[in-house]
1. Using a Förster radius of 22 Å, what is the FRET efficiency between Thr116 and Glu40 based on their Cβ-Cβ separation? Nearest 0.05, please.
2. For the stretch 162-276, what is the accessible area per residue in Å² when the probe is 1.4 Å?
3. So, with a 1.4 angstrom probe, what is the percent of accessible area on the stretch 132-274 that is carbon and sulfur?
4. Give the long-range amide H neighbours of Ile477: residues separated by 5 or more places, or on another chain, with amide H under 5 Å away, using H modelled in the peptide plane at 1.01 Å from N.
5. For Lys470, give me every one of the lysines with a C-alpha distance below 24 angstrom, ignoring sequence neighbours fewer than eight places off in its own chain.
6. Using 1/(1 + (r/R0)^6) with R0 = 35 angstrom and r between the beta carbons of Asn128 and Lys150, what's the FRET efficiency to the nearest 0.05?
7. Please work out how much length the chain gains when fully extended from Lys80 to Lys350, using 0.36 nm per residue of separation minus the C-alpha to C-alpha distance, in nm with one decimal.
8. Report, in listed order, any pair from Lys274/Lys328; Lys87/Lys205; Lys246/Lys275 with a Cα-Cα distance greater than 30 Å.
Amino acid sequence: MTKPVAIYARVSTEEQATEGYSIQGQIEEMETYAEQRGMEVVRRYLDEGVSGKNISGRPQMKRLLKDLGSGDFQAVIVYKIDRISRKSKDALEIAERCDQANVKLISLKEDMDITTPMGKMMFQMASNFSEYERNSIIERLKMGMNQRAKQGYYNGGRVYGYDSVNKELVINEEEAHVIQLIFNYAEEDLGYKAIVSRINSMGFKTKRGKDFAIHTIKTILDNPLYIGKIRFNMYENWIEKHRKGKNENYILVDGKHQAIISNEQWERVQKIRKKRSHKPSRSHTPYLLSGLVRCPQFGNGMVPGRSNGGNGKKYRYYVCGFHHNKGKTACRANSIRAERVEESVFEELKRIVAEPYVLKNIVQSVNDKRMNAKDPIDEQIRIHESKLRKIEGRIDNTTTQLMDDPTLAAIFKPKLQEMMEEKASLEQKIEELNVELSECDTAPIDEDALYHLLSNLETILSKSDITQQKALLHLIIKDIQITKDAPRRIGRRVEKINLHFDFTIEGLEHQTMDLLNTMNMDFIKPMESWELESMEGVNRSEVMDSLNILPLNEVRFPSINPKRPVHLL
């Protein structure tokens with residue numbers, strides 16, 4: 001009787017280029033290993049072009065961890081220990097998850113049995129060495145990039161106004177004209193939004209072919225690259241620390257490239273910007289639903305906005321984020337009174353608790369859907385994989401014909417290119433579906449836990465700060481849709497509220513978990529904030545296994561009619 005096993009393969013773009021790793025190469029060796037030992041490969045988890053730094057960016061690893069308890073396979077084969085993770089902590093936690101699920105972890109290149117004390121020690125040593133190797137590589141790269149920057153060379157990345165030619169910056173004349181316009185407008189004392197509106201109305205686009213945004217303008221006006229300088233290492237460990245990792249001793253030197261803006265104009269613009277800079281006054285009433293309310297035109301998130309009435313009274317609105325950041329060429333304001341949205345949403349959440357049959361029917365309906373949630377995704381994957389196999393066969397046949405008769409190249413080359421593009425498209429679709437599958441949860445919703453959460457919501461929100469309030473509402477609400485039409489003296493209104501109760505690993509944050517712990521819920525195991533680490537590690541999954549509230553599929557509620565109650569289900 002054959003033993004069912006799964007294989008996991010990972011390769012980053014850099015490793016494939018420098019070390020010769022390839023997904024296909026790993027798969028072939030692991031399948032040969034399994035066949036020689038009477039094993040049948042029943043599952044394949046392939047993360048291609050992703051780093052082993054952590055688990056969060058690897059959809060197939062997350063899917064594997066979720067499937068450990070399915071009973072579909074008895075072992076997981078990896079090519080090397082560093083394919084699991086290049087962080088020893090993550091690698092050890094993954095191994096522990098396998099052990100808890102009674103699934104054996106097999107490394108093809110390192111022959112070790114981690115079920116024994118000696119095997120565990122060897123595994124830890126291999127994991128630590130992988131992490132050391134990764135950190136050493138990063139350190140060498142940083143040293144090289146720092147040295148290159150000190151010599152006045154740009155370290156890569158697309159930058160508006162220049163093209164990279166043979167690793168050197170060369171002025172792009174069309175884009176340089178836009179850079180000059182932006183600085184000229186700033187020198188005329190125009191604000192960011194006014195500059196954005198003018199640039200976008202002229203039809204100019206960013207390097208990515210998108211409209212300019214306020215942030216884009218700020219970044220350009222802040223960048224000394226345009227006066228011939230090289231600035232490097234202003235922020236350290238950006239992925240982990242973001243702006244908190246600001247480095248006071250960053251590199252700023254004369255660059256080898258040609259400037260677009262003169263030093264004199266740069267100084268004038270910075271003085272004007274300094275005079276204009278001020279922190280906007282904050283409203284005493286917070287905008288709790290910013291980002292959740294959706295623009296009725298294109299579905300963009302809506303952001304806070306205010307206006308002054310004729311009597312001097314200030315009014316709170318939600319306005320389209322695209323309009324706010326990119327001007328009227330991107331979208332209309334499509335504003336809606338903040339009080340109207342907030343009242344509608346909170347009344348709807350109260351009604352769910354006040355009418356238990358509504359909640360009961362919601363949970364029953366969603367649980368029915370969740371039971372078979374993976375089936376349509378699996379079917380789509382099978383269809384696309386079948387198409388992929390066919391297109392790969394056609395590519396092989398065409399390549400063989402070209403090798404037999406090179407004179408046919410002119411005829412077959414366009415067709416081959418078309419098939420290669422179709423192959424890439426299918427692979428992309430399969431990857432997207434696998435990500436969707438990895439995030440799909442079929443576990444049932446606990447009605448009592450959900451009721452307890454919603455019934456305590458108002459009390460918890462009243463005791464928390466604004467940041468916590470927003471975080472919790474983002475866990476419960478997916479989005480809020482409003483009407484496109486705005487009748488005179490009535491205005492826009494809430495049309496639909498989509499809930500999703502996003503208590504996934506990614507959805508939870510430290511502050512939100514602390515907030516939930518204050519609810520004294522008998523249905524949820526209490527957790528300490530240290531159990532949910534900033535890096536998405538495996539122990540996040542472990543503690544989340546104890547939650548009875550799990551992610552819901554989309555649940556929709558029409559807004560309440562103030563004149564007549566609406567019974568939904």
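1. The calculated FRET efficiency here is 0.30.
2. 61
3. 48
4. Placed amide hydrogens put His500, Phe501 under 5 Å from Ile477.
5. The reachable lysines, counting only those whose Cα sits under 24 Å from Lys470, are Lys241, Lys244, Lys279, Lys314, Lys350, Lys478, Lys496, Lys525.
6. 0.60
7. Between Lys80 and Lys350, full extension yields 91.9 nm more.
8. The answer is Lys87/Lys205.
The values are calculated or read from the model by the stated rules, or taken from the named source; none is laboratory data. Owing to the predicted nature of the structure, the values given are computational and were not obtained by experimental measurement. Virtual Cβ from ideal backbone geometry, glycine too; neighbours counted across all protein chains shown. In case anyone asks, the SASA skips ligands and DNA or RNA and just uses the protein heavy atoms, side chains included. Shrake-Rupley method; radii C 1.70, N 1.55, O 1.52, S 1.80 Å.
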